[in-house]
Amino acid sequence: MAVPSVPAATPGAAVPAIETVHLKKYYGRSRGIEDISLRVEQGEIFGFIGPNGAGKSTTIRTLLNFIFPTAGSARVLGHDIVTESREIREKVGYLPGETGYYDELTVDQLVDYTARFYSTDCRRRGAELVDILEIDRKKPIHSLSLGNKRKVGIVLALMHRPRLLILDEPTAGLDPLMQTRLFDVLREENERGTTIFFSSHVLSEVQKLCHRVAIIKEGLILKVEEVERLRESRLRKVRITFRDERQAVVDLPGAVEQERDGRSVRLLYGGDINDLVRHLAGRELESLWVEEPTLEEVFLHYYEAGGRTGEGSASGRAAAVSTARSGKEER
Amino acid sequence: MNIFLRELRTGRRSVLVWALVIAGLNVLIMAVYPSFAADAARLEELVAMYPEGFAKAFGLDRMSLADPLAFYATEGYFMVVLFGGIYAAILGASILAKEEDEKTIEYLLALPVTRNEVLTGKVLAVVANLALFNLIVAVVTCLSFVGFVTRDYSTATLLLLLAAPFLLHLTFAALCFFLSLFWTRRRAAYSISIGLVVGTYFLNVIALLTDDLRWLGWLSPFKYVDAADIISKQSLDGLYVFILLTAGAVAVGATYLLYGRRDITV
């Protein structure tokens with residue numbers, strides 16, 4: 001007897017954690033986001049980077065249905081963001097960019113109150129996280145510093161063991177030590193299978209943690225890229241002052257956007273740093289700076305460099321999304 | 001349920017303070033009553049010396065101050081409706097607006113609750129607080145009647161005078177709940193709601209004083225709980241009760257509709 005064949009559920013066919021289709025949001029006449037098509041697979045750590053005002057928070061708030069999309073649609077863990085928002089919030093942990101909590105409650109009371117809303121018992125995990133992040137549990141919320149409030153937010157976002165974590169600028173206000181500890185916690189959550197979607201305007205921070213990143217600017221996705229590839233093509237900002245003005249030129253394939261000013265040369269360098277050092281070896285230098293470019297400079301590079309990074313149209317962007325994805329699946 | 005209980009807890013102190021202050025004032029007023037009533041004739045002379053408008057505004061053209069219910073209506077009742085109205089308005093205006101004003105709304109809406117559940121928790125908490133407020137005032141006022149009043153009075157009518165403010169308070173709370181959708185800053189919500197209560201109070205007084213403007217009274221919730229009316233009819237007017245409750249229900253219904261579609265940004 002023939003058994004009706006059901007396509008086997010492969011990991012690749014799993015419901016995406018987040019899928020947005022031409023998502024658009026205008027507040028009256030001012031732009032929130034223009035056209036965001038994204039697909040975040042379950043199990044990923046996905047960075048969402050862009051300058052302030054690019055539309056990061058708008059995208060996140062739309063996903064959680066605080067605001068309604070002007071056009072387009074989105075699903076989170078298979079649920080529609082508008083009609084099934086409650087189901088989404090049962091399964092999602094959210095750390096707001098800037099938020100208040102009930103000031104008069106103590107940390108313990110707030111954790112306890114929050115726990116009551118979830119169907120699973122999550123008080124123990126809450127208490128555990130309070131310890132890991134070293135928060136004084138007896139203190140009322142209003143007496144906490146900004147960084148400590150942020151830690152409380154992290155506890156509240158994580159305590160119910162969400163399948164997807166949405167973090168809006170999670171490291172803002174945290175000292176480097178706490179940032180490291182937060183990343184440890186996030187990695188641990190991720191190993192347990194939690195998908196993590198987080199926004200930031202600091203590229204280096206995103207690179208430490210993420211598998212893939214999307215770069216957003218002015219409400220549009222510029223590029224979706226695997227962090228490995230970003231790293232390979234890592235740009236450096238180089239500034240060289242030569243002794244002799246006649247020698248002040250850098251002629252290397254990895255050097256882009258060269259700018260000369262008397263004895264000084266500024267350039268973005270994407271090649272092997274050793275090649276640069278060897279190239280300069282024979283000449284007298286006065287000084288040499290090598291720094292990580294700002295996010296803005298990376299954006300500009302992607303804007304202007306053309307080729308594989310220069311998509312300008314919506315279809316080009318969508319293609320970039322799918323290329324990045326299929327690249328991942330092939331592995 | 002969680003939201004309801006939390007609102008009860010946070011609103012506890014203010015409902016007790018408002019209720020005990022107003023109930024206490026009622027006790028003081030009724031404590032004075034026996035000495036007034038002892039000299040009823042002189043009292044009537046005093047009222048006759050009041051400006052006509054004053055007597056009319058308090059319904060003294062329709063009842064006598066020597067009557068305990070009329071005395072209460074003039075001296076105590078108006079405080080319960082007016083100050084209680086202000087309490088109700090502030091409560092209704094702030095219970096939702098405070099979440100946006102204090103930026104706790106993102107925290108709240110990220111929890112697995114629907115917006116309707118949030119609204120329901122809040123509405124029930126307002127109703128419970130107003131019920132508690134009126135219950136405290138009613139019990140204390142009844143006790144002070146029992147303690148201080150030796151003349152005959154209709155207990156049924158007294159109970160009506162104690163129940164009517166509850167309806168008024170519900171209506172004000174509902175109207176301000178709705179208005180707070182448009183003024184999410186808490187301070188603005190306070191001003192608007194107090195303005196609404198005091199404004200409609202004087203609207204009713206003007207309507208009572210000016211025959212040409214009598215129709216204005218229909219716009220004031222206070223018209224529907226006028227003490228002199230209740231005492232003379234010994235009942236609440238069914239139409240008036242209907243108008244108050246309908247206005248409140250429409251305001252709350254509209255709030256559900258609008259809040260469900262609202263963009264919440266902080």
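The values are calculated or read from the model by the stated rules, or taken from the named source; none is laboratory data. As the structure is a computational prediction, the values presented were derived from the model and not from experiment. Please note: Cβ atoms are built from the backbone with ideal geometry, for glycine as well, and neighbour counts cover all protein chains shown.
Quick look at the numbers
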quantity	calculated
Test for A:Ile196: is it over 15 Å from the mean Cα position of the chain (by Cα) and either on the phi > 0 side of the Ramachandran plot or modelled with pLDDT of 90 or more (or both)	no
Subset of region A:39-66 (residues that are polar (S, T, N, Q), surrounded by 23 or more Cβ atoms within 10 Å (Cβ to Cβ) and farther than 14 Å from A:Glu169 by Cβ)	A:Thr62, A:Asn65
Options A:Thr171, A:Thr99, A:Thr180; residue that is in a helix (DSSP H, G or I) and at pLDDT below 90	A:Thr180
When residues of region A:102-123 are limited to those that are assigned to a helix (DSSP H, G or I) and under 19 Å from B:Glu117 (Cα atoms), the one farthest from the other protein chains (Cβ to nearest Cβ)	A:Ala115
Hey, B:Ile95 under 19 Å from B:Asn2 (Cα atoms), within 14 Å of chain A (Cβ to nearest Cβ), among the aliphatic types (A, V, I, L, M) and surrounded by fewer than 24 Cβ atoms within 10 Å (Cβ to Cβ) or not	no
A:Leu276 in a loop (DSSP other than H, G, I, E, B), without any contact (Cβ under 8 Å) to a residue 40 or more places away in the chain, in contact with a strand residue (DSSP E or B) (Cβ under 8 Å, 6 or more places away or on another chain) and crowded, with 17+ Cβ neighbours inside 10 Å	no
Flag for A:Gly72 being farther than 22 Å from A:Val227 by Cβ, assigned to a strand (DSSP E or B), modelled with pLDDT under 95 and touching a Lys or Arg at 6+ places or on another chain (Cβ under 6 Å)	no
Only listed residue being at pLDDT 75 or above and under 23 Å from the mean Cα position of the chain (by Cα), chosen from A:Glu245, A:Glu304, A:Glu291, A:Glu232	A:Glu291
Residue, nearest to A:Thr58 (Cα to Cα), within region B:103-124, restricted to residues that are aliphatic (A, V, I, L, M) and more than 7 Å from chain A (Cβ to nearest Cβ)	B:Ile105
Yes/no for B:Val127 being modelled with pLDDT under 95, of a type in the set (Val, Ile, Thr) and surrounded by fewer than 19 Cβ atoms within 10 Å (Cβ to Cβ)	no
Qualifying residue in region B:154-175 (condition: part of a loop (DSSP other than H, G, I, E, B) and surrounded by fewer than 18 Cβ atoms within 10 Å (Cβ to Cβ))	yes
Hits in region B:34-65 - residues which are under 25 Å from B:Asn204 (Cβ atoms), assigned to a loop (DSSP other than H, G, I, E, B) and not basic (Lys, Arg)	B:Tyr50, B:Pro51, B:Phe58, B:Gly59, B:Leu60, B:Asp61, B:Met63, B:Ser64, B:Leu65
Residues located in region B:243-258, provided they are closer than 21 Å to B:Gly121 by Cβ and hydroxyl-bearing (Ser, Thr, Tyr)	B:Thr255, B:Tyr256
Matching residues, region A:204-225, being over 15 Å from A:Leu167 (Cα atoms) and in a helix (DSSP H, G or I)	A:Ser204, A:Gln207, A:Lys208
Complete set of residues in region B:250-266 that are of a type outside the set (A, V, I, L, M, F, W, C) and either part of a helix (DSSP H, G or I) or facing chain A (nearest Cβ under 8 Å) (or both)	B:Gly253, B:Thr255, B:Tyr256, B:Tyr259, B:Gly260, B:Arg261, B:Asp263, B:Thr265
Region A:191-216 residues that are among the charged types (D, E, K, R), paired with ones that are at pLDDT below 90 (beta carbon under 8 Å, 6 or more apart)	A:Glu205/A:Thr171; A:Glu205/A:Gln179; A:Arg212/A:Val224; A:Arg212/A:Glu225; A:Arg212/A:Glu226; A:Arg212/A:Val227; A:Arg212/A:Ala324; A:Arg212/A:Lys328
Criterion: small (Gly, Ala, Ser) and surrounded by fewer than 20 Cβ atoms within 10 Å (Cβ to Cβ) - qualifying residue of B:Ala189, B:Ala227, B:Ala254, B:Ala207	B:Ala254
Those residues of region A:32-65 which are in a strand (DSSP E or B) and within 14 Å of another protein chain (Cβ to nearest Cβ), in sequence order	A:Gly32, A:Ile33
Any pair with Cβ under 6 angstrom, 6 or more apart, that starts in region A:50-62 at a residue that is among the basic types (Lys, Arg) and ends at one that is at pLDDT 90 or above and not in a helix (DSSP H, G or I)	A:Lys56/A:Phe48; A:Lys56/A:Ser199; A:Arg61/A:Ile67
Search result, residues across region B:109-133 that are of a type outside the set (A, V, I, L, M, F, W, C) and part of a loop (DSSP other than H, G, I, E, B)	B:Pro112, B:Thr114
Of the criteria (1) surrounded by fewer than 20 Cβ atoms within 10 Å (Cβ to Cβ); (2) closer than 21 Å to A:His211 by Cα, which one A:Ser30 fails	(2)
